[in-house]
Structure formats: structure tokens, C-alpha cells
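Peer 1: Got a structure for you, written out below as C-alpha cells; questions coming shortly.
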Amino acid sequence: MTRLPVWADVVLVPLLSLVLALLISALVILAIGADPVEAMRTMLQGAVGSAYGWGYTLYYATSFIFTGLAVTVAFHAGQFNIGGEGQAQIGGLGVAIVCLSLPWPHWTLALPAAMLGAALFGAAWAAIPAYLQARRGSHIVITTIMFNYIAASLLVYLLVNVFRPPGTMDPATARFPAGAGLPTLHDLPLVGRLFSPSVPANITLLLAILACWLVWLLLWRTRLGYEIRAFGKSEAAAVYAGISPFRIIMLSMLISGALAGLMAINNVMGESERLVLNSAEGAGFIGIAVALMGRNHPVGVFLAALLFGILYQGGAEIGLWTSIPIELRTVVQALVILFTGALDNAMRMLVGWGFRTFGRRPAAGAA
Amino acid sequence: MDYATLLQILDSTLRLATPLLLACLAGLFSERAGIFDIGLEGKMLMAAMASGAVAFLTGSAWVGLMAGIGASMVLAVIHGLASITFRGNQLISGVALNFLASGITVLVAEDLFGQGGRTPPLEGAARFQALTLPLSGTLSEVPLLGPLYAEVVSGHTALVYVALLTVPLTWWVLFRTRFGLRLRAVGENPESVDTAGISVTRLRYTAVLITGVLCGIAGAYMATALQAGFGREMTAGRGYIALAALIFAKWRPWHALYACLLFGFLQALALRPDVIEAAAGFKVPVPFLDALPYVLTVIVLAGFVGKAIPPRAGGQPYVKER
């Protein structure tokens, strides 16, 4: 196999995967008798064609940044955390408990406490699979899947039997106090005038961007980050260098769970302002696609999350205005995961073949 | 709980255990050959949609079954390409295919029938009908065992018996044939199989295709026997419960049967909260029963009930030495 230049591996392979995913989606749209060009236009118009659209796109992107970073941190330690969905839902539980326990006077007080709740609950939900992997060798992929289902059942029980206010039928908690409401992008200085008061995108977006930077700092500028990456690259070499597998698996998974849990600040505290069933709405799984597409780098995760935000908001618009069901976005998401994650080698071969056929051959001895 | 209620619950246990069992044995073939498959769910869903749609259009449950198997095998081939030919990450491929199935089934069903991603209800020959086993009428007079035979063993669709027969068949193929020996070897130590001059690729593709067939039957059973038609997300995590059962059974066919019956029993109980309340003396929350298979699997995985050791070469693409 040709060794690809870094830029091709980082930029070209994901882009090619995206193009292929979109092409196949276009074929699917054609097959069900709709117009792919029209669909594309509706999607872009709905997602990025107006401030209203951007308000939703950025809202989705915020959630995906957190879950994408969660998958990324675990990936670097060689752990595949499929449990982001459950961790985000349990994180929502932490947010709800914090927000409902005190009559919060102002969001600046509620936010740090809620973040702590979200991160702790998310991390706790990742802790058991992590411990079982580190100490007993139970496969983390299977245990995190099981924990997604256990989380869903637990929340059904808690929302129906414990948190549901008397006299209501909805399996959901009471509404959070007004003092726990986060400012939306409309309330921010400068950019505020662009957005209407009804946009769901809120200041969690800024936290998400901050989280990207912190994760980059953690992975590439700290000792722990180095150990995580070393362990992920080669367990044997890391152990030989005195790195404790138990410590790395536990810490990377706890950070991963905390990041997934923090997503709940965006959707539970920032948008619905109460905890409902299935609050994460699949964002935990989209984190997998975002991390793969973003090549497990915070900058890539940010861009991929934005892309998936467009896809999500645009997909909703497609479902609303065309005959194509909203599930189209699940198909695109699946294809992106397939091409960037599973058929990665095939994509590389394709790019390598392109280089060999069309590229200039590096002249021997030339500077 | 009286005897009649017990029989009712055992009867629905068998019905609910069937799709788990088929999917579990499907996973068994794949994982024994060293290919992890968390895409059982997606293959079942795809098969459920295809069989429901085709059974409605043709009016034949059997043609529907064939379509379901076909649809499931398409996903199996993609999984094979990704994990065998292109040596990709098998887990990621499974995740992707689950999402693909989840989206595309609704797109296609909506396009065909315009009923919100469902197929119209199936009637008559478009569904598998219950078979009455011979002598069940005569024997039902026998105390205890008679009603057990008539109510629980008899009166299921053909696919239930197919699933039950697949258990000894799987055992025989895996442990009594040359193909089975090689299949198990390729999941433990592919190098040795390769050295013996047998194609690792071919064996693994065969295993993945068998997985496709069995998941296809499981999905078709969901849409054309257990229920009358396809509905969106109708497999509802059964592929993952099957995966849990496979680990619970430690990748052994007979134990897979027991695990699936146990998980089927839990599902049957979850449908009858009144019975549990009477038996246990207090109200057991239904979500608890829903979560129990997963909790049990985690406990098994943790190694508290004997260690669950997967096939050694599982999840690793085979690279021939050069």
C-alpha cells in the first residue's frame, strides 16, 4: 500500500468518504423516486441558509462536539466507548438532580454545579465498564452497549416512578427553576442580534469549544495525554515504559464518560429545561461518526460536529418539506461511519491508487 | 400462579425466545470464525422489513422469508468486505450497518406503502400460521404433561421449530464436521488454518454468510410470524440481547438455547406484571425486568459466574505473512 502524505490521510480520506456517503445517499433518494438535488438544496437552505437554521445547526453541533470528544479520548487509549448515549442520558440525570435540588437564583451559579453533576454522573456510568475492562478483561464495547440499555431502563423507572411530578402523565421531571435557564445565543452580546429569542443554541456552544481546546491540551500537552496515546498505540510498549494499564483505562474512560455526560448541559439544561425520556436522542452514537470523521483530533471533531449539525438540522428540514423521510440522515450517518471507520483501508487504497496514477512521482534526490 | 398461567407464560417464552435464538446462533457462527458481529440487530431489522414488504406484496410468507434472508445477506456481505477483505474495524462496521438498517428500512417501507414506515398488516398466507403438532388433541387429556404438550410445545409457527432444530444442527456442524473444526480453528488461530493450506478468507466469508441467513430467518420471524407486519425499529434491541445471550452461553450452541430461553422468559414475564406481583408478593418494576438480561450479561462478562472467554482471534483481521 502506498504511504500517504499526512494531509491526504487527514483531509482527503475523510472528504472522499463524505463524498461517497453523499453519492450513495443520492442514489437512495433517486431509488425512492425523489430528487437528490432538491434534497441537497432543502438541506443546506434549512441548515445554514438562515439565522434560524444556524440556531439549530449549532445546537446539534454542540451536543456532537461533546460526544465526539468523548469517543476521541477513549479511542486514543485504544478503548471504543459505544456507551456515550447512556452516559449522556445519565449525565442528564445529574443535571436534573442539581437543577431541581435548589431554587437557583442565577444561571452563573447553576451552571458550574450542573456541569459537575453532568460530568460526575457521566463518568460514573463509564466507570463500571472501565473497571471491568481494566481488571477483569470484559470487552468494553459489549459492556458499554449493555450499559446503554441499562441506563434507558433505569431512566424509565426513575422518570415514571420517582421524578414525575404528581398529576402529570409525561414520564419527565418537573421544569427546572427559571434561575437555572441558560442564555441562548440571542442573549449574547455582539452575535445576539443575529439570532431570534427562540433559537435552541445556547452558551454551551462556548463550553464545547473550550472543551475542544482542553482535550487537545490534555492529549498533546500533558503527561497523562502522552501516556494515553502511548498506551493506545502499543499496550506492550506502554507497560514496558512503566505506564499502568489500569490507570490509563480508568482515567481515559472517566474523562470520556464525563465529556459525554456534559452534553446534557446543552440539551437538558439549555434546551428542554427538564429531563425527558431518551433525552440524548442518538447524539451519543453520532459521536462515533464525528470522532471517526474528525480523525480523533479536537479540530477535526469540531468540524465534523458542525457537519453533522448541518446534516441533522438539514435532515429535519428534508423530513418536513419533502417526501423523503427524516431517517435519511441516519442513512448518511451510517455511511459516514462505514466509510471513515470500517472501510478506512479501502479509502486509503483508493487515494493511494489516485496518487500513483495521477500524482507526480517524487523525483529521487530532489530537495 | 396457577398451571394455566404458567403454561401461557412458557408459551410466550418460546415465541419470544425464537428470534433471540436464531440471532444468537447467527452470531455464534460469525464469532467462532473470529469475526465480531454487533450488527445482528441491523440484519434482523433489514430482514424484518424485506420479509414484511415482500410477504404483503406477494401474499406468501415463504417468499417473504426468502426476501428477508436475501436482505440480511446483503448486509452480511458488506460486513464481510469491511472486516475480511479490507481488514477494517469489525465493531465499527457493525455499528454502521445497524444505523444503515435503522434508516433504510423506514425509507423503503415509507416509499412502498406510505404508512409512516410500516408495512400494512399481513393476513392469511402472508403470515406464518401456527402448526398443531400431531396427537396434541389426544394427549391434552393426560394430566400435567398433556396440556404442556398441547399449549407450549404445539401450536407454534414453523419458524419456531426451525429455530429449535438449528441448535442441534449448529452443534453437529461445529463439533462433528470437518468444516466446523476448521471454522473454530480459524477463530482461534487462523495462522494454523492457513498453514494447513485452507483459505482463511473463504472460511470466514462462509461463516459471515451463515450469520446472514440465520439473522434473515430471525427478522422474517419477527415480521411475518411473531407480529403481523413490519414496524419501524421493531427488533427493539433484540440483536443486542442475542449478543448478550451469546456471551452468556460462552459461545456454545446448547447453552445458547438455555440463555435465549431465559431471556425469552424474562421478556414474557415483563408482559405480565400482574403475575410477577402475585408470585413475588410485591410490585416488580417492568424496567427492571427489561434491564435484567443486560445486567446478567455484565455479571457474566465480569467473570463472576465462570469466565466468558471469546474466540482468541476474534476481532482481528487476518494478515497473511509475506
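The values are calculated or read from the model by the stated rules, or taken from the named source; none is laboratory data. Quick caveat: nothing in here was measured; it's all calculated off a predicted structure. Every residue, glycine among them, receives a Cβ derived from its backbone with ideal geometry; neighbour counts consider all protein chains shown.
Peer 1: Kindly indicate which of A:THR57, A:THR62, A:THR108 is in contact with a strand residue (DSSP E or B) (Cβ under 9 Å, 6 or more places away or on another chain) and not small (Gly, Ala, Ser).
Peer 2: The conditions single out A:THR62.
Peer 1: Considering only region B:204-228, state which residues are surrounded by fewer than 24 Cβ atoms within 10 Å (Cβ to Cβ) and either of a type in the set (S, T, N, Q) or more than 25 Å from A:ILE142 (Cα to Cα) (or both). Lay out the reasoning, then the answer.
Peer 2: Let us first name the residues in region B:204-228 that are surrounded by fewer than 24 Cβ atoms within 10 Å (Cβ to Cβ), namely B:205-206, B:209-210, B:213, B:226-228.
Once the filter is applied, which keeps residues that are surrounded by fewer than 24 Cβ atoms within 10 Å (Cβ to Cβ) and either of a type in the set (S, T, N, Q) or more than 25 Å from A:ILE142 (Cα to Cα) (or both), region B:204-228 yields B:THR206, B:LEU226, B:GLN227, B:ALA228.
Peer 1: If you check B:LYS320, B:LYS283, which single one turns out to be touching a residue at least 60 places away in the same chain (Cβ under 8 Å) and in contact with an Asp or Glu (Cβ under 8 Å, 6 or more places away or on another chain)?
Peer 2: Answer to the check: B:LYS320.
Peer 1: List the number of the failed condition for B:ILE38; all other conditions in (1) part of a loop (DSSP other than H, G, I, E, B); (2) more than 11 Å from chain A (Cβ to nearest Cβ) hold.
Peer 2: (2)
Peer 1: Does region B:8-26 include one or more residues that are among the β-branched types (Val, Ile, Thr), under 17 Å from the mean Cα position of the chain (by Cα) and within 12 Å of chain A (Cβ to nearest Cβ)? So that I can check it myself, show each step before the final result.
Peer 2: At the first step, the residues of region B:8-26 found to be among the β-branched types (Val, Ile, Thr) are B:9, B:13, B:18.
Still in the list and also under 17 Å from the mean Cα position of the chain (by Cα): B:13, B:18.
Subsequent filtering for residues that are within 12 Å of chain A (Cβ to nearest Cβ) retains none.
Looking for residues that are among the β-branched types (Val, Ile, Thr), under 17 Å from the mean Cα position of the chain (by Cα) and within 12 Å of chain A (Cβ to nearest Cβ), one finds none in region B:8-26, hence no.
Peer 1: In this structure, is A:PHE355 over 29 Å from A:LEU207 (Cα atoms), surrounded by 24 or more Cβ atoms within 10 Å (Cβ to Cβ) and aromatic (Phe, Trp, Tyr)? Spell out the reasoning first.
Peer 2: Working: over 29 Å from A:LEU207 (Cα atoms): yes; surrounded by 24 or more Cβ atoms within 10 Å (Cβ to Cβ): no; aromatic (Phe, Trp, Tyr): yes.
It is false that A:PHE355 is over 29 Å from A:LEU207 (Cα atoms), surrounded by 24 or more Cβ atoms within 10 Å (Cβ to Cβ) and aromatic (Phe, Trp, Tyr).
Peer 1: Can you tell me which residue in region A:138-181 is nearest to A:GLY86 (Cα to Cα), limited to those that are more than 14 Å from chain B (Cβ to nearest Cβ) and crowded, with 21+ Cβ neighbours inside 10 Å?
Peer 2: Taking region A:138-181 and keeping what is more than 14 Å from chain B (Cβ to nearest Cβ), we get A:165-170, A:172-181.
Of the ones still in play, those that are also crowded, with 21+ Cβ neighbours inside 10 Å are A:173, A:176, A:180.
Working: A:THR173: 18, A:PHE176: 22, A:ALA180: 24 Å.
The residue in question is A:THR173.
Peer 1: Please state which of the following conditions A:ALA334 fails to meet, knowing it meets all the rest: (1) surrounded by fewer than 18 Cβ atoms within 10 Å (Cβ to Cβ); (2) in contact with a helix residue (DSSP H, G or I) (Cβ under 7 Å, 6 or more places away or on another chain).
Peer 2: (1)
Peer 1: Same structure again: Has region A:21-38 got any residue that is assigned to a helix (DSSP H, G or I), of a type in the set (S, T, N, Q), away from chain B (no Cβ under 14 Å) and surrounded by 21 or more Cβ atoms within 10 Å (Cβ to Cβ)?
Peer 2: Within region A:21-38, the first condition is being assigned to a helix (DSSP H, G or I), and the residues that meet it are A:21-31, A:36-38.
With the extra rule that they be of a type in the set (S, T, N, Q), the set shrinks to A:25.
Of the ones still in play, those that are also away from chain B (no Cβ under 14 Å) are none.
No, region A:21-38 contains no residue that is assigned to a helix (DSSP H, G or I), of a type in the set (S, T, N, Q), away from chain B (no Cβ under 14 Å) and surrounded by 21 or more Cβ atoms within 10 Å (Cβ to Cβ).
Peer 1: So which of A:GLY287, A:GLY314, A:GLY261 ends up being farther than 29 Å from A:PRO129 by Cα and surrounded by 24 or more Cβ atoms within 10 Å (Cβ to Cβ)?
Peer 2: On the way: A:GLY287 fails: farther than 29 Å from A:PRO129 by Cα; A:GLY261 fails: farther than 29 Å from A:PRO129 by Cα.
So the residue among A:GLY287, A:GLY314, A:GLY261 that is farther than 29 Å from A:PRO129 by Cα and surrounded by 24 or more Cβ atoms within 10 Å (Cβ to Cβ) is A:GLY314.
Peer 1: Something else: Taking the conditions exactly as written (assigned to a helix (DSSP H, G or I) and touching a residue at least 40 places away in the same chain (Cβ under 8 Å)), does A:LEU217 satisfy them or not?
Peer 2: no
Peer 1: Moving on. Where in region B:59-157 are the helices (runs of 4 or more DSSP H), entirely inside, with at least 3 residues that are more than 9 Å from chain A (Cβ to nearest Cβ) and either farther than 27 Å from A:ALA21 by Cβ or touching a Leu at 6+ places or on another chain (Cβ under 7 Å) (or both)?
Peer 2: B:61-80, B:136-139
Peer 1: State whether one or more residues within region A:186-193 are assigned to a helix (DSSP H, G or I), within 14 Å of another protein chain (Cβ to nearest Cβ) and within 28 Å of the chain's Cα centre (by Cα).
Peer 2: Scanning region A:186-193 turns up no residue that is assigned to a helix (DSSP H, G or I), within 14 Å of another protein chain (Cβ to nearest Cβ) and within 28 Å of the chain's Cα centre (by Cα).
Peer 1: With the checklist (1) in contact (Cβ under 8 Å) with a residue 24 or more places away in the chain; (2) under 23 Å from B:SER12 (Cα atoms) in hand, flag the one item B:SER154 doesn't pass.
Peer 2: Single failed check for B:SER154: (1).
Peer 1: Same structure, new question: Quick one: which residue in B:SER51, B:SER83, B:SER72 is surrounded by 24 or more Cβ atoms within 10 Å (Cβ to Cβ), under 30 Å from B:GLU191 (Cβ atoms), touching a helix residue (DSSP H, G or I) at 6+ places or on another chain (Cβ under 8 Å) and of a type in the set (Ser, Thr, Tyr)?
Peer 2: Criteria check complete, one pass: B:SER83.
Peer 1: Quick check on this structure: which one of B:GLU123, B:GLU151, B:GLU141 is closer than 21 Å to B:GLY59 by Cα, at pLDDT below 90 and among the charged types (D, E, K, R)? Spell out how you get there, then give the answer.
Peer 2: Working: B:GLU151 fails: closer than 21 Å to B:GLY59 by Cα; B:GLU141 fails: closer than 21 Å to B:GLY59 by Cα.
Just one listed residue meets the conditions, B:GLU123.
Peer 1: Inspect region B:185-192 for any residue being assigned to a helix (DSSP H, G or I), modelled with pLDDT under 95 and β-branched (Val, Ile, Thr) and give the result as yes or no.
Peer 2: So far as region B:185-192 goes, yes, one or more of its residues are assigned to a helix (DSSP H, G or I), modelled with pLDDT under 95 and β-branched (Val, Ile, Thr).
Peer 1: Let me ask another. Would you check if there is a residue in region A:41-64 being touching a residue at least 12 places away in the same chain (Cβ under 8 Å) and within 14 Å of chain B (Cβ to nearest Cβ)?
Peer 2: Checked region A:41-64: no residue is touching a residue at least 12 places away in the same chain (Cβ under 8 Å) and within 14 Å of chain B (Cβ to nearest Cβ).
Peer 1: Yes or no: B:PRO273 surrounded by fewer than 17 Cβ atoms within 10 Å (Cβ to Cβ) and more than 10 Å from every other protein chain (Cβ to nearest Cβ)?
Peer 2: Yes; evaluated as a whole, the condition is true for this residue.
Peer 1: Could you give every pair whose Cβ atoms fall below 7 Å, whose first residue belongs to region B:225-251 and is within 12 Å of another protein chain (Cβ to nearest Cβ), and whose second residue is assigned to a loop (DSSP other than H, G, I, E, B), counting only separations of at least 6 or pairs across chains?
Peer 2: Note: pairs meeting the criteria are B:ARG232/B:GLY117; B:ARG232/B:ARG118; B:LEU243/B:ILE38; B:ILE247/B:ALA308.
Peer 1: Among the candidates B:ASP37, B:ASP11, single out the residue that is surrounded by fewer than 24 Cβ atoms within 10 Å (Cβ to Cβ) and in contact (Cβ under 8 Å) with a residue 60 or more places away in the chain.
Peer 2: B:ASP11
Residue by residue, here is whether (1) assigned to a helix (DSSP H, G or I); (2) modelled with pLDDT under 95 holds:
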| site | (1), (2) |
| --- | --- |
| A:GLY55 | yes, yes |
| A:ALA61 | yes, no |
| A:PHE64 | yes, no |
| A:GLY78 | no, yes |
| A:MET115 | yes, no |
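Peer 1: When you look at A:GLY257, is it within 30 Å of A:THR108 (Cβ to Cβ), out of contact with any Cys (no Cβ under 8 Å at 6 or more places or on another chain), more than 14 Å from chain B (Cβ to nearest Cβ) and of a type outside the set (A, V, I, L, M), yes or no? Full working, then the answer.
Peer 2: On the way: within 30 Å of A:THR108 (Cβ to Cβ): yes; out of contact with any Cys (no Cβ under 8 Å at 6 or more places or on another chain): yes; more than 14 Å from chain B (Cβ to nearest Cβ): yes; of a type outside the set (A, V, I, L, M): yes.
Considered against the rule, which asks whether it is within 30 Å of A:THR108 (Cβ to Cβ), out of contact with any Cys (no Cβ under 8 Å at 6 or more places or on another chain), more than 14 Å from chain B (Cβ to nearest Cβ) and of a type outside the set (A, V, I, L, M), A:GLY257 comes out as yes.
Peer 1: Filter region A:323-353 down to the residues that are more than 7 Å from every other protein chain (Cβ to nearest Cβ) and more than 17 Å from the chain's Cα centre (by Cα) and list them by number.
Peer 2: Correct list: A:SER323, A:ILE324, A:ILE326, A:PHE339, A:MET347, A:ARG348, A:MET349, A:LEU350, A:VAL351, A:GLY352, A:TRP353.
Peer 1: It is to be established whether one or more residues within region A:308-320 are outside any helix (DSSP H, G or I), at pLDDT below 90 and more than 9 Å from chain B (Cβ to nearest Cβ).
Peer 2: Looking through region A:308-320, none of the residues is outside any helix (DSSP H, G or I), at pLDDT below 90 and more than 9 Å from chain B (Cβ to nearest Cβ).
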